[in-house]
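S.K.: Here you go, one structure.
The values are calculated or read from the model by the stated rules, or taken from the named source; none is laboratory data. Just so it is clear, the structure is predicted and the values come from calculations on it, not from any experiment. Cβ: placed from backbone, ideal geometry, glycine included. Neighbour counts: every protein chain shown. For the accessible areas, the whole protein counts, side chains as well, though only heavy atoms, and no ligand, DNA or RNA atoms are used. Shrake-Rupley method; radii C 1.70, N 1.55, O 1.52, S 1.80 Å.
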Amino acid sequence: MPIGGGLTTRGPRNLLRQIREAMAGAAPAQERLDRVVRTIAQSMVAEVCSIYLRRASGELELFATEGLNREAVHNTRLRPGEGLVGEVARMAQPISLSDAPSHPSFAYRPETGEDPYHAFLGAPLLRGGRAIGVLVVQNRAERRYDPDEVEDIQTIAMVLAETVASGELLGQEELRDVEVAPHRPERLKGQKFADGLAFGHVILHEAPLAPEKLLSSDPVLEEMKLNLGLADLKSGIDRMLEGGQGKLAGQSFEVLETYRMFADDRGWNRSLVEAVRSGLTAEAAVDRVRNEHRARFAKARDPYIKERLHDFEDLANRLLRVLAGDNPGQRELPDDAILVARNLGPADLLEYPRETLKGLLLEEGSAASHAAIVARALGIPCVGRLMGLRDRLSEGDLVIVDGETGEAHLRPRPDMLDSVQSRMAVRDQRQAEFAKLRDVPAVTADGTRISLLTNAGLAVDLENLDETGAEGIGLFRTEFQFMVSEELPRLDSQTALYKLVLDAAGDRPVTFRTLDIGGDKVLPYMETTEREENPALGRRAIRLGLDRPSLLRLQLRALLAAGAGRELRVMFPMIATVDEFRAARELVDVECDWARRRGRPLPALLRVGAMIECPSVLWHLDALLPLTDFVSVGSNDLFQYMYAADRTNPLVSDRYDPLSPPALRALQSIQKACADTGTPVSVCGELAGRPLEAFALLTLGFTRLSAPAGGVGPVKRMILSADLTAAKRGMASLLGSSAGSIRNEIESLARKLNVVV
Ligand code: PEP
Ligand code: MG
């Protein structure tokens, strides 16, 4: 029965309290829901108040009403988008109308008896950016709800959403069929970033914190808390922008700038303050505004707008953390954690304990990015480029990371889990077979000895050396130590790490690559004076080393000290001109002189090499090679530059296939020039760790490969099965192909020759 015109205490804070009271108690769920709608109707002076909840089928079912026919409860169901209620849910936005029946979306349901009501105000019950229901008030007379009322109903809807989802309002029985969070199994297709299989429970990097308390007891205090939090947030971002340290290590300058811009966004700030004034705690206000943003942007098709949504989300999460005084380093993780993130800087991954981190799922990223490289080094299966990932799962969901197929299974069914577990058992068996090959020399079926080395960059990688049976470290990425440090590593800590590596390697050779900073490898503590439009083409690697010789000299000093009395191999990254190599080598001489003058022991044998990763030097190898003691092909960069395709940009990073005539011919010309000049050459890009690609490298004449740890076993198995004499003949004819990719042809060749790829 409509209750008109009565009066009651106005203002959302009182109303929220009354709703709380209505929800409390041991009465059956339906009775409490009925009390809630009655309270809201009275307080808002509305003749009708109804709550619709989304069933698992997607339909919105009338769960309680004050004012409409009682018989309609649990009988009226609307499809998504059907009627005004469906429209509120679909848009995930409030709708306020003075004359609802004249609206094109109005759907008349005779059983509800709603035709005499003109004014309509509906607000979505948002959870995680999705509408799990709709709250509606209606009035018989045509009237416009004022903005405060629209604001109030959104706050009430938020409180209802939280209580429904927490199970406080509905019994477990009813809740089972109500769609409060995505709960169906889903399969998402992405890309393989790091091989392997894992399953476990989701932890969200920068997890959205759920506000602990929704209703404030003192809005003035809450507003102050919010303002202080906002100020903290902004000054934190400023500090990071100024090159200070922070948790954003690895994220680009642009992202920070966007954060800064959004943190100042007047609309965002105003919405937060209004939400607090309507009676929410500061945390709940951030959560409410975040949900509204998420719901609004989620429908956008434009990738730029979607991107901005993520920025807003990150910012809101950051603000929630500031308000909660949360320290991400101290989060408790389940012991089967699957980390889920939009993207990660290489250092971010290392903040998580290795023992409990079983897998990694990324919404973005690229297989050649350094976060993916770190995941491979740590042996953590990783799938990337999973569109919409974070909208489809919640913290604690069970997921499978399938690094073999590049898929993620969200909330898998038990049979799916069984099948993954048995595949994991098969993998373990295969790993055991690779382990048996550990001490078998890498010699091809027709007797060519191959040097199979491994790539490393972290102290944890040193274990891999013994486990894989690699003959040494063909590429030690020294910048990883710099990336995981809070400040520039000092001489003694650099020396200590290099000593540790050389000691662990014993007689096995180690090739240290000097600092390769820039591009996607950002040091949070190093001020960048100039912003670069194209960091991958910018002051990266040796360019930075030569511009800041003190940095490079310090590193060389540490390397020479660590290598005293033994063999030391040092190589320079990103050599684009012969002069760069000369200048870099001169710095080595300067440092040797410096040590000599002080009577410090020098390496027994010093070899200095260059990485071949800039296409320019391909046409100057005759000048470069005689200056070097060895070279190593960095195919990750070489191909990014050859194909003008940023390796970190998912839109372009896989537009070409390294198993294509231009890429393979370039490699062949390097191999030939090295053979002609007697220059030792290896390949240390990711290519060398994939059996089919490594097979192609052998057919081009390379006999020294440095692979990520996970690739050593599979590549050795390939080597043992390969008859190179026959394979080389086959490859020669394929290189003349006019096709964009000759992957299938190389695979057929390998299969024909019984090579295990
Ligand atoms: C490469 O570019 O192939 C390489 C090995 O170096 P990085 O991946 O560290 O740039
Ligand atoms: Mg490189």
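S.K.: So if R0 is 35 Å, what FRET efficiency would Asp589 and Lys728 give, r being the distance between their Cβ atoms, rounded to the nearest 0.05?
M.R.: On the way: r = 40 Å, r/R0 = 1.15.
Calculated value: 0.30.
S.K.: Moving on. Between His620 and Ser738, what length comes free when the chain is fully extended (0.36 nm per residue of separation minus the Cα-Cα distance, one decimal in nm)?
M.R.: This chain segment gains 39.9 nm when fully extended.
S.K.: On to the next question. So what J values fall out for the stretch 420-430 if you push phi through Karplus, 6.51 cos²θ - 1.76 cosθ + 1.60 with θ = phi - 60°, rounded to Hz, Gly and Pro as x?
M.R.: So the Karplus estimates, Gly and Pro as x, are 5, 5, 6, 5, 5, 5, 4, 4, 4, 5, 5 Hz.
S.K.: Sticking with this one: Could you look at the stretch 13-175 and say what percent of its accessible area is carbon and sulfur, using a 1.4 Å probe and all protein chains? Intermediate values should be presented prior to the final figure.
M.R.: Details: 2800 of 6000 Å².
The value for the stretch 13-175 is 47 percent carbon and sulfur by accessible area.
S.K.: How high is the relative contact order of the chain? Use alpha-carbon pairs under 8 Å, at least six apart in sequence, and give a whole percent. Don't jump to the answer; show the numbers that get you there.
M.R.: Details: 1513 pairs, mean separation 77.7, N = 757.
It comes to 10 percent, rounded to a whole number.
S.K.: Answer rounded, prolate or oblate for the chain, using the Cα gyration tensor with square roots of eigenvalues a ≥ b ≥ c: rounded when a/c is under 1.5, else prolate when a/b is larger than b/c, else oblate. If you can, show how the numbers build up before the last one.
M.R.: Values: a/c = 2.82, a/b = 2.10, b/c = 1.34.
Verdict is prolate for the chain.
S.K.: Let me ask something else about it. Angle between the Cα long axis of helix 282-298 and the longest principal axis of the chain, 0 to 90 degrees, nearest 10?
M.R.: So the helix axis and the longest Cα principal axis differ by about 80 degrees.
S.K.: Place +1 on the Cβ of every Lys and Arg and -1 on the Cβ of every Asp and Glu in the chain, take the dipole about the Cα centre, and give the residue among Gly81, Leu393, Leu698 whose Cα lies farthest towards its positive end.
M.R.: Leu698
S.K.: Of Leu659, Leu602, Cys382, whose Cα points farthest to the positive end of the dipole of the chain (charges on the beta-carbon: +1 Lys, Arg; -1 Asp, Glu; origin at the Cα centre)?
M.R.: Highest projection toward the positive end goes to Leu602.
S.K.: Ok, one more. Which far-off residues, 5 or more places away or on another chain, put their amide H under 5 Å from the one on Asp195, with H placed in the peptide plane?
M.R.: Those lying under 5 Å, H to H, from Asp195 are Cys382.
S.K.: Would you mind telling me the antiparallel percentage of the DSSP bridges in the chain, rounded to 5?
M.R.: If we restrict to bridges inside the chain, about 55 percent are antiparallel.
S.K.: Continuing with this model, one more query. According to the square roots a ≥ b ≥ c of the eigenvalues of the Cα gyration tensor, what is the shape class of the stretch 632-725, taking rounded for a/c under 1.5, prolate for a/b larger than b/c otherwise, and oblate for the remainder? Mind dumping the intermediate values first?
M.R.: Working: a/c = 1.86, a/b = 1.27, b/c = 1.47.
It is oblate, given that a/c is not under 1.5 and a/b is not larger than b/c.
S.K.: What is the sum of charges, Lys and Arg at +1 and Asp and Glu at -1, for the other residues whose Cβ falls under 13 Å from the Cβ of Glu586?
M.R.: Values: positive: Arg553, Arg582, Arg585; negative: Asp579, Glu580, Asp589, Glu591, Asp593.
That sum, taken over residues with Cβ under 13 Å, equals -2.
S.K.: Long-range amide H contacts for Val510: which residues qualify at under 5 Å (H placed 1.01 Å from N, peptide plane, sequence gap of 5 or more or a different chain)?
M.R.: Ile473, Arg569
S.K.: Given the Cα-Cα distance of Asp657 and Ser669 and 0.36 nm per residue of separation, how much length would full extension add, in nm?
M.R.: Working: separation 12, 0.36 × 12 = 4.32 nm, distance 1.81 nm.
The span from Asp657 to Ser669 would gain 2.5 nm if fully extended.
S.K.: Taking +1 at the Cβ of each Lys and Arg and -1 at the Cβ of each Asp and Glu, which of Asn139, Gly25, Val48 sits farthest along the dipole of the stretch 13-175 towards its positive end, judged by Cα position relative to the Cα centre?
M.R.: Looking along the dipole axis, the top candidate is Gly25.
S.K.: Then there's this: Per DSSP helix of 4 or more residues, -39500 (n - 2.57); summed, then divided by the residues of the chain. What does that give at 222 nm, rounded to the nearest 500? Mind dumping the intermediate values first?
M.R.: Values: 27 runs with 327 residues, N = 757.
The per-residue figure over the chain is -13500 deg cm²/dmol.
S.K.: Hey, what do the phi angles of the stretch 719-725 turn into as Karplus ³J(HN,Hα) couplings, whole Hz, using 6.51/-1.76/1.60 and θ = phi - 60°, x for Gly and Pro?
M.R.: Here the 3J(HN,Hα) series is 4, 4, 9, 8, 9, 6, 4 Hz.
S.K.: Report the calculated FRET efficiency for Ala604 and Glu532 (r = Cβ-Cβ distance, R0 = 56 Å), to the nearest 0.05. Don't jump to the answer; show the numbers that get you there.
M.R.: On the way: r = 41 Å, r/R0 = 0.72.
Plugging the Cβ-Cβ distance into 1/(1 + (r/R0)^6) gives 0.85.
S.K.: Could you compute the FRET efficiency for Arg77 and Asp311, with r as their C-beta to C-beta distance and R0 at 41 Å, rounded to 0.05? Write down the numbers at each step before the final one.
M.R.: Values: r = 37 Å, r/R0 = 0.91.
Computed FRET efficiency for Arg77 and Asp311 comes out at 0.65.
S.K.: Next question, about the same structure. Taking the Cα atoms only, what angle lies between the long axis of helix 491-505 and the longest principal axis of the chain, rounded to 10 degrees?
M.R.: With both axes taken from Cα atoms, the answer is about 70 degrees.
S.K.: Counting Lys +1, Arg +1, Asp -1, Glu -1, what net charge surrounds Pro509 among other residues with beta carbon under 13 Å of its beta carbon?
M.R.: On the way: positive: Arg508, Arg566, Arg569, Arg607, Arg704; negative: Glu471, Asp507, Glu567, Asp629.
So the surrounding residues net to +1.
S.K.: Given charges of +1 on the Cβ of Lys and Arg and -1 on the Cβ of Asp and Glu, with all other atoms neutral, how large is the dipole of the chain about its Cα centre, in debye to the nearest 20? If you can, show how the numbers build up before the last one.
M.R.: Numbers: 94 positive and 108 negative charges, 345 e Å.
Dipole about the Cα centre, nearest 20: 1660 debye.
S.K.: Filter the trypsin sites (Lys or Arg not before Pro) in the stretch 6-114 down to the DSSP loop ones having no more than 14 other Cβ atoms within 10 Å, then list what survives. Write down the numbers at each step before the final one.
M.R.: Values: sites: Arg10, Arg13, Arg17, Arg20, Arg32, Arg35, Arg38, Arg54, Arg55, Arg70, Arg77, Arg90; in loops: Arg10.
Qualifying residues, ordered by number: Arg10.
S.K.: Something else now. Would you mind checking which residues have amide H under 5 Å from Leu125's amide H? H placed 1.01 Å from N; only 5 or more apart, or other chain.
M.R.: Those lying under 5 Å, H to H, from Leu125 are Ile132, Gly133, Val134, Leu135.
S.K.: Let me ask another. Show which aspartates and glutamates lie in cross-link reach of Lys225 when reach means a straight Cα distance below 12 angstrom and same-chain residues fewer than eight apart are skipped.
M.R.: Partners found: Glu283.
S.K.: Evaluate the distance, in nm, between pseudo-label points positioned 7 Å from the Cα of Thr405 and of Ser422 along their respective Cα→Cβ axes.
M.R.: Here the answer is 1.4 nm between the modelled labels.
S.K.: Multiplying the sequence separation of Arg260 and Met387 by 0.36 nm and subtracting their Cα-Cα distance, what value in nm do you get?
M.R.: On the way: separation 127, 0.36 × 127 = 45.72 nm, distance 2.56 nm.
Computed gain between Arg260 and Met387 is 43.2 nm.
S.K.: Pull out a ≥ b ≥ c, the square roots of the eigenvalues of the alpha-carbon gyration tensor of the stretch 13-175, then state rounded if a/c is under 1.5, prolate if not and a/b is larger than b/c, and oblate in the remaining case. Don't skip to the end; give the middle numbers.
M.R.: On the way: a/c = 1.41, a/b = 1.23, b/c = 1.14.
It comes out rounded by the Cα gyration axes.
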